[in-house]
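Here, each number is a calculation from the coordinates, and none is a lab measurement. Note that the structure is predicted; figures quoted are calculated from it, not measured.
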Amino acid sequence: MGLLRIAVFAAVAVALLPSDREQQQRLYERAGSTAEWVVTFCDRNAATCAKGSELWSQFVAKAEFGAKLAYDMIREREASSLANTNLHLDESKGRVAPAILERESGTLTPVDKMPDWRGKNAHKSGV
């Protein structure tokens, strides 16, 4: 779908281009002068560019703070959810491992652990 959309926009852009040589030359000159005007904006408006740079640095600082805050909150939530389960984080290896259980087998006997049904052959042998 994305490729079709790009193809349609490219076709519309090509269709809108002028076919007359004189109009093509005027469009080329206007595009060149517009590009030069955009590139030299800070030369003409130094105060505006300085203020924009200051605002951008403040925005980046706030974005870094927000990202750090979100990261810390996620880590705290994961740590609390790991503490609530029988898992612990092995920080030396950076992975989650099962916690040591107090009782290894509980109250189940080996007979309790055997399944009741073992497939088609179980009925033939009488087990």
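For this structure, a couple of remarks:
- Cα shape, segment 20-84, gyration tensor, a/c 1.5 rule: oblate
- In sequence order, segment 2-13 has phi-based couplings of x, 5, 5, 4, 5, 5, 5, 5, 5, 5, 5, 5 Hz under the Karplus curve 6.51 cos²θ - 1.76 cosθ + 1.60, θ = phi - 60°, and Gly or Pro positions carry x.
- Shown in residue order for segment 65-72 are the 3J(HN,Hα) couplings computed by the Karplus curve 6.51 cos²θ - 1.76 cosθ + 1.60 at θ = phi - 60°: 4, x, 5, 5, 4, 5, 4, 5 Hz (x for Gly and Pro).
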